[in-house]
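Report on one structure; see the data block that follows.
The values are calculated or read from the model by the stated rules, or taken from the named source; none is laboratory data. As the structure is a prediction and not an experimental result, all values here were calculated from the model. Because the Cβ atoms are built from the backbone with ideal geometry, glycine has one as well, and the counts that use them run over all protein chains shown.
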Amino acid sequence: MVVLVEDQPQQQFVRRYLYKMGYTARDIRFRPLPSGRGAGEQSVRQRYATEVQAFRQRHAATALVVAIDADTGEVSERARQLRAELDRAGVPARADDEAIAHLIPRRNIETWILCLSGRAVDEETDYSRDGGVHELIPAAAAAFREWSRPSGAVPSTCVESLRAAIPEARRLEG
């Protein structure tokens, strides 16, 4: 499992989620986090095509998880930017059956963490500075695992970007 994320909270969330799926620390390779404030989103986009190419060249069964915030934009726009990076690099588009998952929280991962923890949230408010959010990551990752199971029940309070990530997470089921 190769993981490309833009910041530490995303890394912690994805790590805990993958542990709930049964992966161990030895099974997961995190790409280095970008340095510098605000550099994460751009770094993920710039490295995406290279990681997709490397994913396709591996002979062992593997998967690629990409987490990138939509910030104040739309999830579909961020996904379009990822496709554009593949086009720019001359790399074929992601196929429907490839184990490449895009986790794209609108605003930031803290929105998902709070939503998965049962808090009513919206995708306009920036929750990144809310105290105690990062302590909720283990339970939020466990909830995401439950919601993303094929038989998982997603509550009506689920924000749209998180709902869109559920079929993405299912790409990792193999």
Selection within the range 1-37 - part of a helix (DSSP H, G or I), over 21 Å from residue 61 (Cβ atoms) and either in contact with a Cys (Cβ under 6 Å, 6 or more places away or on another chain) or free of Cβ contacts under 8 Å to residues at least 12 places away in the same chain (or both):
none
Hey, does the range 62-73 have a residue that's of a type outside the set (Gly, Ala, Ser) and more than 23 Å from residue 170 (Cα to Cα)?
yes
Does the range 121-144 hold any residues that are surrounded by fewer than 20 Cβ atoms within 10 Å (Cβ to Cβ) and not in a loop (DSSP other than H, G, I, E, B), and which are they?
134, 135, 136, 138, 139, 142
Sort out which residues of the range 6-53 are closer than 26 Å to residue 132 by Cα, surrounded by 14 or more Cβ atoms within 10 Å (Cβ to Cβ) and of a type in the set (Gly, Ala, Ser), and write them in order of number.
39, 40
Condition first: of a type in the set (Lys, Arg) and more than 21 Å from residue 63 (Cα to Cα). Now tell me which residues in the range 121-162 satisfy that.
129
Please go through the range 38-55 and pick out each residue that is part of a helix (DSSP H, G or I) and free of Cβ contacts under 8 Å to residues at least 24 places away in the same chain.
42
So residue 111 passes all but one of these: (1) within 17 Å of residue 7 (Cα to Cα); (2) at pLDDT 95 or above; (3) hydroxyl-bearing (Ser, Thr, Tyr); (4) assigned to a loop (DSSP other than H, G, I, E, B). Which condition number does it fail?
(4)
Of all the residues that make up the range 62-89, how many are among the basic types (Lys, Arg) and in a strand (DSSP E or B)?
0
Can residue 95 be described as aliphatic (A, V, I, L, M), closer than 30 Å to residue 156 by Cα, outside any helix (DSSP H, G or I) and free of Cβ contacts under 8 Å to residues at least 12 places away in the same chain?
yes
Residue that is surrounded by the fewest Cβ atoms within 10 Å (Cβ to Cβ), among those in the range 56-84 that are among the polar types (S, T, N, Q) and in contact (Cβ under 8 Å) with a residue 12 or more places away in the chain
72
Quick one: would you say residue 161 is hydroxyl-bearing (Ser, Thr, Tyr) and modelled with pLDDT under 95?
no
Residues that are of a type in the set (Asp, Glu), surrounded by fewer than 19 Cβ atoms within 10 Å (Cβ to Cβ) and out of contact with any strand residue (DSSP E or B) (no Cβ under 9 Å at 6 or more places or on another chain): does the range 158-172 have at least one?
no
